[in-house]
Amino acid sequence: MQAYTGCSRAVATVNGTAALHVALLLAGVKPGELVVTQSLTFVATCNAIAYCGATPAFVDVDRETLGLSPRALDAWLEQVAERGDDGLCRLREDGRIIRACLPMHTFGHPVALVDLVRVCERWGLVLVEDAAESLGSYYRGQHTGTFGELGTLSFNGNKVITTGGGGMILARDETMGSRAKHLTTTAKRAHPYEYVHDEVGYNYRLPNINAALGCAQLEQLDGFLAAKRVLAEAYRAELEGNEAGLQFVVEPEGCRSNYWLNAVVCQDLAQRDALLKGTNEAGVMTRPIWALMNRLPAYTGCPRGDLANAEWLEARVVNLPSSVPVQETA
Ligand SMILES: *Cc1c(COP(=O)(O)O)cnc(C)c1O
């Protein structure tokens, strides 16, 4: 996975959520701090923030990428935050530290990474990428999950490749990678036979059996990605200029998406509901995009900026069947 993604160090974990949890700890996220993320994401993104004792702060997404908007991030920070002489970013209102930024590459479509890196640098935020859905997705030729200090992948059963359950931390530098390995394997000091643990570590290691499955899946990754592109292109061609006005979601400019989960944007909520009902009644499983995180009981009170695009997409996006057809084995 190091060779495939081009990161310095890849550390396997028991699942993608655990990878996110440890990545955020390594980013320095502490109890009482804030981590900026998008409200349009899978709940694991926010849960990992909560596991650190931190609170998510929600900013808007871009309609083209479905992911965190660098412009919305910069605008929200301008409005509510300041960067102190110590280089740290704080909420002006109560002085809470905004430690990190956690964008998610929705359905495998990369967020505007170069702009996002710039905004994070400007405000002193550590960039951690939730690349759970974007294995095989590239932004200007560079693999997603390798732009930030840390990135994470998931090998859950529904992802591009699976280990049954599993995940991975991608570290940009070797030291951070070693820390990831240490923290995810009970913080045991390396020794041939002694059992000494030098901090509170986690039992987040990926079992060998799952890892073996991952090795076999990795051999098939290019084939899966090719098949997903063929499927996405078929949807795109079929839906081009359709009378209903459904817009097929395509990879952002300068990006190569893995098309993990295909999606259409409906014209309005009524059309979305009709599409969901019609397809599911006909035995074709479609689903709406996630309810926004700021609507969930655990995250209603969190700080947030304007979420107009997220709300717009929440009412319109429908996912289409995206499984890769069964491959002929050699
Ligand atoms: C799948 C996924 C995860 C991690 O899920 P696990 O089931 O814990 O491997 C995290 N974030 C997003 C956006 C995901 O889609």
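Loop-located trypsin sites (Lys or Arg not before Pro) in the stretch 9-113 (DSSP state other than H, G, I, E, B) with a sparse environment of at most 11 neighbouring Cβ atoms within 10 Å: ARG92.
For the residue pairs LYS159/LYS181; LYS188/LYS228; LYS181/LYS228, the alpha carbons lie more than 30 Å apart in LYS188/LYS228; LYS181/LYS228. Remark on the stretch 212-320: hydrodynamic radius 16.2 angstrom, per the Kirkwood mean of 1/r across alpha carbon pairs. With the chain treated as a Gaussian network of Cα nodes joined by springs under 10 Å, which of LEU77, LEU269, LEU292 yields the largest mean-square fluctuation? Looking only at LEU77, LEU269, LEU292, the biggest GNM fluctuation is shown by LEU269. With contacts taken as Cα pairs under 8 Å at a separation of at least 6 residues, the stretch 239-315 carries a relative contact order of 22 percent.
The GluC sites (Glu not before Pro) found in the stretch 112-218 that occupy coil by DSSP, while having at most 10 further C-beta atoms within 10 Å, are GLU194, GLU199.
Cα convex hull, the stretch 176-242: 161 Å³ per residue, rounded to a whole number.
Starting from the Kirkwood Rh over alpha-carbon pairs, what translational D in µm² s⁻¹ does the stretch 9-71 have by Stokes-Einstein at 20 °C and 1.002 mPa s? Numbers along the way, then the final one.
Numbers: Rh = 12.4 Å.
For these conditions, the coefficient is 172 µm²/s.
Report, in cubic angstrom per residue, the convex hull volume of the C-alpha atoms of the stretch 272-319. Don't jump to the answer; show the numbers that get you there.
Values: hull volume 3.4 nm³, N = 48.
Cα convex hull per residue, to the nearest whole number: 71 Å³.
I'd like the antiparallel share, as a percent to the nearest 5, of DSSP beta bridges with both residues in the chain. Write out the running numbers ahead of the final one.
Details: 29 of 45 bridges.
Roughly 65 percent of the beta bridges in the chain run antiparallel, per DSSP.
Please check: in the Gaussian network model of the chain (C-alpha springs, under 10 Å), which one of LEU127, LEU183, LEU153 has the largest mean-square fluctuation. It is LEU183.
The alpha carbons of the chain occupy a box of 64, 57, 35 Å along the principal axes, longest dimension given first.
Its residue count N fixes a reference of 2.2 N^0.38 Å for the stretch 1-147, and the Cα radius of gyration divided by that reference is 0.98. Taking the chain as a Gaussian network, where each spring joins two C-alpha atoms under 10 Å apart, which residue of GLY283, GLY245, GLY157 fluctuates the most? Looking only at GLY283, GLY245, GLY157, the biggest GNM fluctuation is shown by GLY283. When the alpha-carbon atoms of the stretch 114-262 are used, the pair Rg, Dmax equals 19.1, 69 angstrom.
For the stretch 75-193, compute Rh as the Kirkwood radius over C-alpha pairs and then the Stokes-Einstein diffusion coefficient at 20 °C and 1.002 mPa s; write the answer in µm²/s, rounded to an integer.
Values: Rh = 16.0 Å.
Calculated translational D: 134 µm²/s.
A short reminder: the numbers here are calculations on the coordinates, not readings from a lab. Note that the structure is a prediction, hence the values are computed from the model and not measured. Note that we place each Cβ from the backbone using ideal geometry, even for glycine, and neighbour counts take in every protein chain shown.
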